[in-house]
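A short write-up of the structure that comes next.
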Amino acid sequence: MKTLSLGLLVLVVVGCPLAVHADPGFSPRLYAGDELPCNYRRYPGGAELTRTIPDFQRRCYDQAVRRMQRAVGEDADLSEAEATVRALLELDPTSAYGWTGLARLYLRQEALDVAEVPLWKTVEVAERATHAKPELADALIALADAQLQLWCLPCAEEALKRAEALAPRDPGVMLMRATLLSAQGEKAAAEAQFLHALEDMTDAQERALARLALGEHLTRNGDLEGAQHAFEAAAKEDQALLVAQLRLASFLLFERGNGDAAIEAVERSRRARATFEASRLRSLATYLTWAVQCETAGRCDGIAQIAQRSTLTAEEAFITAAGHKPLAPLVLALSKTGTVHDVNARDGEGNTALMAAARVGNVELLTVLLRRGANVNAQNRHGARALTFAVLKSDLAAVGLLLAHRAEPNYADQDGTSPLALAILQRQAKIASLLSQRKADPHLEGRWTAADLLNIACANGDVDSVKLLVQAGVDPNAVGQDRAIPLISAVLSGSQATAAYLLERGADPERRLDGRTALDYARDAGDWALIRMLQARTKRSI
């Protein structure tokens, strides 16, 4: 089961359940309240009748987002939400509601691991939404979320600042700020921001989703007690929200290694109990119980019967368990007993156990799998490899281990991102250096050009990555695809060390962005150290 993504879990939604009406002859007065026929294309004359319903586009957008938020796992049904979004786009191709809804749909598909478009396409759709009318904070939040999932933190920051200027007290904006703070490693500030956002929420579903986001943040930062409390509170906040019930159960299994508690959590909700996700959790919990008995008491029989009754094959359980450290005993038991013969077995997405172990930085399990013949360069259907996941985890030891076993650093995944690009996007200079030592090429064709990477490193104030890229042959005056100029990017970040290095390596202080030089931007910031440094290199006086 894929847990909720690092990016946005919540947008403010005001709306209500979608109603599907069989009678084509509906009257607009029947929809003066909250219940709307958003997929108006089902009805004769529907487009004309929508004009008689007050605020039709906004209310249908809200309605679609609520349906997206309630979708969960293998049982997710986004068809009604998608139909509404497509109908809004057909009704008014220039409206921000349709384009924002489409960006949110793509993001939800990504979170549910059923994405049909790459993340860069989602960014393009979100950017189009930000240029449409009316101006929506939701569009900027969606753009920040997509940029964050691509690990372009400066890009996400820029979009979020625009959202904050537009709607500073919007709970969705505050939640996105908390999410971005979490990604930046600001644990305490992120937690405070999550709690601050909760103070302004009254809707039960909004509060439950916010608590889920807080739980994910605390889980990433190792506060499992706090995370469990947040997930339990989310499950109580909105007992009809399946994603909250199932996330609590998956947390208890995957983070706590407690199969019995996970099953108990699922059984509390009749609706959750009937889902395919619940069936998967029960199956994994049963496999885990067997593995513990096999390891502690030597009772390893009965696995064939468990596999026969299970929703998951032994190979699927093997790969899934490899992605969760508390379930490592299951991986070892399935391999040791010969239940799983192929260490390179794949799931439906093409993932292997090695990829799953790299995703969580389980170096011990990675070592075992590599010794047993795991293919270090195996690639899933999204173009990601074990090295991709190790870099995403920012795990220097895991990256080093994979490279020592001849992991190839020069490839790009489906989104066009190489391991080196990923390291620079995440401000992981030590990992970038390790990859560079293994001949990682910054000029590798993909979504990010070498100039883009240099500008991103400059914008991050990451002087070590800047040095690495320039020493690898990237021009210190290289202009990014968004017209960014390295020296100006460094000045905007306030990094004197980065600016000084670029100047030493030949950066031109007279280069202009929007008609202005680096010195102009330094003056705007009032950074006298940078002003003096640049003034000494330019013909212009202060």
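FYI, it's all coordinate maths here, none of it is from the lab. What you see is a predicted model, and the numbers here were worked out from it, not measured in a lab. Cβ coordinates were reconstructed from backbone atoms using ideal geometry, including for glycine residues, and neighbour counts include every protein chain displayed.
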Counting Lys and Arg as +1 and Asp and Glu as -1, each charge on the Cβ, what is the dipole of the chain about the Cα centre in debye, to the nearest 20? 760
For the chain, whose charge dipole is built from +1 on Lys and Arg Cβ atoms and -1 on Asp and Glu Cβ atoms, the candidate among A333, T275, L181 with its Cα farthest towards the positive end is A333
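May I ask for the equivalent-ellipsoid semi-axes of the stretch 60-119, computed as the square root of five times each C-alpha gyration tensor eigenvalue and listed largest first in whole Å?
The answer is 19, 12, 8 Å, longest axis first.
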Treating the stretch 321-427 as a set of equal point scatterers at the Cα positions, no solvent, please give the Debye-formula log₁₀ I(q)/I(0) at q = 0.15, 0.19 Å⁻¹. -0.56, -0.89
Cα centroid separation - the stretch 105-167 against the stretch 406-439, whole Å: 24
Check each of the GluC sites (Glu not before Pro) in the stretch 185-249 and keep only those in coil by DSSP with at most 16 other C-beta atoms within 10 angstrom; list them in order. E186
Quick check: convex hull over the Cα atoms of the stretch 369-428, volume per residue in Å³, rounded to an integer? 74
Given the stretch 203-356, what whole percent of its Cα pairs are spread farther than 27 Å? 25
Counting Lys and Arg as +1 and Asp and Glu as -1, what is the net charge of the other residues whose Cβ lies under 15 Å from the Cβ of S335? -2
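Could you line up K187, K439 from fewest to most neighbouring Cβ atoms inside 10 Å?
On the way: K187 16, K439 10.
Listed from fewest to most nearby Cβ atoms, that is K439, K187.
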To the nearest µm²/s, what D does Stokes-Einstein give for the stretch 118-192 at 25 °C and 0.890 mPa s, using the Kirkwood radius over alpha carbon pairs as Rh? 201
Sum of side-chain charges, G226 neighbourhood, beta-carbon under 14 Å (Lys, Arg +1; Asp, Glu -1): -2
Euclidean distance between Cα centres, the stretch 221-271 to the stretch 275-298, Å: 17
Quick check for me: using +1 on Lys/Arg Cβ and -1 on Asp/Glu Cβ, what's the dipole size of the stretch 449-542 about its Cα centre, in debye to the nearest 20? 380
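Enter the mean projected area of the convex hull around the alpha-carbon atoms of the stretch 147-241, in nm², rounded to one decimal.
Mean shadow area of the hull around the Cα atoms is 6.0 nm².
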Dipole magnitude of the stretch 154-238 about its Cα centre, charges +1 at Lys/Arg Cβ and -1 at Asp/Glu Cβ only, in debye to the nearest 20? 180
Estimate the FRET efficiency between E199 and T313 by the formula 1/(1 + (r/R0)^6), using the beta-carbon distance for r and 51 Å for R0, to the nearest 0.05. 0.65
Order of F276, F318 - criterion: other Cβ atoms within 10 Å of each residue's Cβ, fewest first: F276, F318
With N denoting the number of residues in the stretch 253-303, provide Rg(C-alpha) divided by 2.2 N^0.38 Å, to two decimal places. 1.23
Directionally averaged shadow of the chain, computed from the convex hull of its alpha-carbon atoms, nm²: 26.8
Here, E295 and T538, labelled 7 Å along Cα→Cβ, have an inter-label distance in nm of 6.2
Quick one: give the max-minus-min coordinate of the C-alpha atoms of the stretch 449-542 along each principal axis, largest first, in Å. 34, 24, 20
Environment charge at Q293 (Cβ cut-off 12 Å; Lys +1, Arg +1, Asp -1, Glu -1): -1
Please arrange Y411, Y287 by counting, for each residue, the other beta carbons lying within 10 Å of its beta carbon, fewest first. Y411, Y287
